[in-house]
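The structure under discussion appears below in the form of structure tokens.
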Amino acid sequence: LAGEGQRTSVVLRVAAWTNVRLWTRGEPAKNHLAQGVWIGRAPSGKDREGMNSLLDLTAELPIRADECVPILDLTVPADSQFDAAVHAILKLAGRRPTLVCCALGYSRSAIASAAWLIAAGHAANAEALAPVRRAPPQVVIGRNLELCLKRWSESRFPA
């Protein structure tokens, strides 16, 4: 029975990696955001070139990273996850360039990086999403993520 579970796990991980590559084929693996912070998809070995550190935000893929804050895909991060992601990006400041990645590089890496922009004083709450959306043009930040980021920002950095 344990062998069957391991096989299923391997099949699911291979399927997840295949999905990542199919969705992101033809797109850059990473895009520069600011201050040596890059955002992008789950990296292959080649995608890691030029990066000194990596923050993994996936919960579904095994990625060798310096820091990991697992966030399930298609979910709204909890305030504690925003806090942990920002802390990790700040912690890696001495090891730039840093890649902040999630599976596709479309949402989790983008919203966590927007939180970092706010926390590090690079952008005010309302301005933080603009540079993130410009970095990789395929970024997907829905209204629920915007509201979540706004709530988190206002609770951490009241005006």
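The values are calculated or read from the model by the stated rules, or taken from the named source; none is laboratory data. A quick note: this is a predicted structure, and the numbers were derived from the prediction, not measured. No Cβ is skipped: glycine too gets one built from the backbone with ideal geometry, and neighbour counts run over all protein chains shown. Quick note on the areas: whole protein, heavy atoms, side chains included, nothing else; ligands and nucleic acids left out. Shrake-Rupley method; radii C 1.70, N 1.55, O 1.52, S 1.80 Å.
Pull out a ≥ b ≥ c, the square roots of the eigenvalues of the alpha-carbon gyration tensor of region 16-159, then state rounded if a/c is under 1.5, prolate if not and a/b is larger than b/c, and oblate in the remaining case. In terms of gyration-tensor shape, prolate.
Give me the extension gain from residue 9 to residue 74: residue separation times 0.36 nm, minus the current Cα-Cα distance, reported in nm with one decimal.
Values: separation 65, 0.36 × 65 = 23.40 nm, distance 2.03 nm.
Extra length available between residue 9 and residue 74 comes to 21.4 nm.
For the chain, modelled as a GNM whose springs connect Cα atoms under 10 angstrom apart, the maximal fluctuation among 132, 11, 76 occurs at 11. With the charge dipole of the chain set up from +1 on Lys and Arg Cβ and -1 on Asp and Glu Cβ about the Cα centre, the Cα lying farthest toward the positive end among the listed residues 94, 119, 68 is that of 94. Beta bridges from DSSP with both residues in region 24-105: antiparallel share about 25 percent, rounded to the nearest 5.
Which of rounded, prolate or oblate describes region 84-159 when judged by the alpha-carbon gyration tensor and an a/c cut-off of 1.5? Here region 84-159 falls in the oblate category.
Compute the relative contact order of the chain as a whole-number percentage, counting only Cα pairs closer than 8 Å that sit 6 or more residues apart in sequence. Reported relative contact order: 23 percent. With protein chains left intact and a 1.4 Å probe, residues in the chain average 52 Å² of accessible area per residue.
Label region 88-130 by shape, choosing from rounded, prolate and oblate, from the square roots a ≥ b ≥ c of the eigenvalues of the Cα gyration tensor; if a/c is under 1.5 it is rounded, and otherwise prolate applies when a/b is larger than b/c, oblate when it is not. Intermediate results must be reported in sequence, preceding the final value.
Values: a/c = 2.56, a/b = 1.09, b/c = 2.36.
The shape class here is oblate.
Other residues lying with their Cβ under 12 Å from the Cβ of residue 48 contribute a combined charge of 0, Lys and Arg counting +1, Asp and Glu -1.
Note on residue 133: accessible area is roughly 90 Å² with a 1.4 Å probe, heavy atoms of protein only.
Under a model in which nothing but the beta-carbon of Lys, Arg (+1) and Asp, Glu (-1) is charged, the chain shows a dipole of about 340 debye around its Cα centre.
Tally the DSSP beta bridges in the chain and give the antiparallel ones as a percent, rounded to 5. Display every interim value, and only then the final one.
Values: 4 of 15 bridges.
Antiparallel bridges make up about 25 percent of those DSSP assigns within the chain.
Dividing the summed -39500 (n - 2.57) terms of all DSSP H runs of n ≥ 4 by the residue count of the chain sets its mean residue ellipticity at 222 nm at -13500 deg cm²/dmol.
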